[in-house]
Amino acid sequence: MATVNIEASWREKLQQEFDKPYFENLIKFVKHEYATQTCYPPGSLIFNAFNLCPLSKVKVVLIGQDPYHEPNQAHGLCFSVNDGIPFPPSLRNIFTEIKSDIGTDIPVSGNLTRWAEQGVLLLNATLTVRAHAAGSHQKQGWEEFTDAVISTISKETENVVFILWGSYAQSKVKLIDASKHCILRSAHPSPLSAYRGFFGNHHFSLCNQYLEQKGKAKINW
């Protein structure tokens with residue numbers, strides 16, 4: 001049985017995943033990569049998104065694909081970077097849309113821990129990566145695990161906002177029960193696609209409107 005440093009409510013709901021052969025193989029792969037290569041995020045932060053946002057607190061799920069793969073950027077939250085690190089292009093575009101949508105000024109730091117602590121699960125589909133090698137830990141088992149996470153949230157909770165930017169995130173829609181959750185979709189905030197439907201999507205105000213309709217506190221974006 002794999003030992004995983006993850007918050008208790010997630011451990012309880014995901015234990016059956018940890019016990020499956022694919023997860024044992026994934027852990028072996030990840031341990032070997034971290035022992036022989038430079039990998040991100042730091043090992044203690046691989047499950048940071050879960051540890052900051054217990055299952056019972058999840059109000060919003062934001063789905064990314066891969067951790068950042070340059071030094072000091074990734075810390076286990078999709079789109080987020082550590083304090084003092086310049087904003088990657090997608091994150092800058094996210095902040096630009098927030099300012100346009102709800103008027104919040106672009107912050108000094110790109111660290112989104114404050115979102116996670118309010119109930120935003122910042123979930124990458126793949127939770128680790130080798131330095132300077134985008135996608136290097138894909139198709140090793142992480143996607144099966146994070147698909148199970150999305151399915152668990154869909155089944156175990158209600159009135160959660162799932163924010164799906166880009167075709168990859170939107171491929172996860174099949175895991176979500178649209179009859180009891182809100183699904184927001186648009187182009188990805190990457191500079192390659194932001195002007196094709198990300199800018200002007202109003203996802204931050206739409207998310208908060210939905211949460212308030214359901215009697216939940218809105219997110220301070």
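For n ≥ 4 DSSP H runs only, could you compute -39500 (n - 2.57) per run for the chain, divide by its residues and tell me the 222 nm figure to the nearest 500?
-11000 deg cm²/dmol
Hey, how many Å between the Cα centroid of the range 43-72 and the Cα centroid of the range 195-221?
20
Using a 1.4 Å probe, how large is the accessible area of ASP83, given in Å² and rounded to the nearest 10?
So the heavy atoms of ASP83 present about 100 Å² to solvent.
Quick one: which residues, 5 or more positions from ILE183 or on another chain, have an amide H under 5 Å from its amide H? H modelled 1.01 Å from N in the peptide plane, none for Pro or chain starts.
Those qualifying (amide H under 5 Å, at least 5 residues apart or on another chain) are PHE162.
Run the reach check for LYS13 against lysines, Cα to Cα strictly under 25 Å, same-chain hits fewer than 8 apart removed. What comes back?
Output for LYS13: LYS28, LYS31, LYS57, LYS59, LYS139, LYS155, LYS172, LYS174, LYS180, LYS214, LYS216.
Could you give the Stokes-Einstein D for the range 90-133 in µm² per second, using the C-alpha Kirkwood radius, 10 °C, 1.306 mPa s? Mind showing how you got there, number by number?
Working: Rh = 12.4 Å.
For the chosen part, D equals 128 µm²/s.
The values are calculated or read from the model by the stated rules, or taken from the named source; none is laboratory data. Everything quoted here is computed from the prediction, not taken from an experiment. Ligands, DNA and RNA are excluded from the accessible area calculation, which covers all protein heavy atoms including side chains. Shrake-Rupley method; radii C 1.70, N 1.55, O 1.52, S 1.80 Å.
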